[in-house]
Amino acid sequence: MMPRFAQPSTLSINSSSSQSKITVEEPVSELDSEMANKINMKCKDMLLEYEQMQNLDDIIYSLSEDETSVIRTNHDEFVKSMSLITLDSNPTNRTTVVGKIFAKLLSKRILSKEAITRGIDAVLKDWNDYLMDYPQFFSYIAAIIAPLLLLQTAFFDFNNLKDCCTSIRPDNSPKFFIEVLNTILSSVVTQNINEERGGILWIYNKWLASEYVPLGIFMPDNQINKYFENDRIGAFILSIAMYDKLKMTDSRVVFNIFHSWISTNISAEIIKYPQFVRALTIAIVIESLNSKRSYEDFFNHVHMKLLTYYIWSEPLPEPEIQAREVQCLYGMQIISAALKYPRGMVLRLFHKIYQNSVLSKESFEIWKKDDNFNAGFVEDLETKTMTVLVLNPFFMSLQPNDSDEDKTTK
């Protein structure tokens, strides 16, 4: 008997075309149980062979050239079957292996993005059945998706991720989305920030390159509180949600509309976190970038009013106010690092914030000297060296000059 999760599908499958060969997948009106069983067995054999030999040749041949192959015209079902059989044994490792197989086939144009997204979506559609036996089901499927998003040779982005989970949006896509982000964050590919943008910097850059996919596609406003954690992913989803609201609101009424949206959708507990100000700062910078403003026009009077309001939204001891102000500076640091330090940007932004008295001078000094590791925000210190170097002229300007000191002593 086959495991329940691997039972043949009786779904109607629309096949996609192989991008590397002239061979075109023929439409299949209905995939009967016998054909589905043959595909399942074929996939098991190929996965076992790949794990032993690390050779894609047989899979490529079966998908593109072998006219007797049951998967040559059933790429969607190949993706679905390969994804499900990983749950049979050691899913933590096998899902990553299958994800890498899909990534290689996509980069070689053997599999299309459409076949992958339809196949994954067909798996996710029955999430409730699989979740009973596999509580980490969403995590396992996220491990399949991560290598595709991490591809550099074939662009698979958050728009494609959206298509992977069409059948579970919007009620059940937030958990899957968070699992994908956490899998990417922990990936070896995104770990080394010293040599290239990694971690949350990589995620921000991927999202920007995906043409600013709205957070609401994956996570409705009313579910942000449920899935928010005070960590890098939490700050990311909050900043994207804020950006979506800022970009859609007329500048003449943005303060009232934004404040109303925050009051309605974001819990008081989240607003109290200093990282709330970090997320707001990042959203403001991205909105200004997307509006193609010059750096001098970043942080207009409405933006400054928003920052000031949420920094001082309640009477707090001075150290807690300073903690919020410091997070504003970390927000500028992180988005600058994610964008590979655009020439002159962070220097002008620091000057603008200081000249308009949004933050105290002491908070700038605290940020510069801060060398504490904050759990969940490892990029803070790892990206600071470059930012401080760029900001040397700014901090020099904060130092009192000799003539000023002479005047004060007379």
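The values are calculated or read from the model by the stated rules, or taken from the named source; none is laboratory data. Since the structure is predicted, the reported quantities are computational estimates derived from the model, not experimental observations. Backbone-built Cβ (ideal geometry, glycine too); neighbour counts: all protein chains shown. Side chains are part of the model used for accessible areas, which takes the heavy atoms of the whole protein and leaves out ligands, DNA and RNA. Shrake-Rupley method; radii C 1.70, N 1.55, O 1.52, S 1.80 Å.
A few comments on the model shown:
- Test: Asp76 is in contact with a helix residue (DSSP H, G or I) (Cβ under 8 Å, 6 or more places away or on another chain), closer than 21 Å to Ile168 by Cβ and open to solvent by less than 30 Å² (accessible area, probe 1.4 Å): yes
- Scanning segment 300-313 for residues that are open to solvent by 40 Å² or more (accessible area, probe 1.4 Å), touching a residue at least 40 places away in the same chain (Cβ under 8 Å) and more than 11 Å from Leu359 (Cα to Cα) yields a count of 4.
- Asp380 vs. criteria surrounded by 14 or more Cβ atoms within 10 Å (Cβ to Cβ), among the charged types (D, E, K, R) and over 30 Å from Thr249 (Cβ atoms): no
- Test: residue in segment 256-270 that is within 13 Å of the chain's Cα centre (by Cα), over 23 Å from Val378 (Cβ atoms) and open to solvent by 50 Å² or more (accessible area, probe 1.4 Å): no
- Ile282 in contact (Cβ under 8 Å) with a residue 12 or more places away in the chain and out of contact with any Lys or Arg (no Cβ under 9 Å at 6 or more places or on another chain): yes
- Of all residues in segment 319-338, one or more are over 26 Å from Phe255 (Cβ atoms) and surrounded by 18 or more Cβ atoms within 10 Å (Cβ to Cβ).
- Criterion violated by Trp367 - all others in (1) crowded, with 21+ Cβ neighbours inside 10 Å; (2) within 18 Å of His303 (Cα to Cα); (3) of a type in the set (Phe, Trp, Tyr) satisfied: (2)
- Comparison of Tyr204, Tyr243, Tyr212 shows that the only residue that is of a type in the set (Phe, Trp, Tyr) and open to solvent by 40 Å² or more (accessible area, probe 1.4 Å) is Tyr212.
- Filtered residue count, segment 42-73, keeping only those that are acidic (Asp, Glu), assigned to a loop (DSSP other than H, G, I, E, B) and open to solvent by less than 80 Å² (accessible area, probe 1.4 Å): 1
- Asp231 being open to solvent by less than 50 Å² (accessible area, probe 1.4 Å) and either out of contact with any His (no Cβ under 7 Å at 6 or more places or on another chain) or modelled with pLDDT of 95 or more (or both): yes
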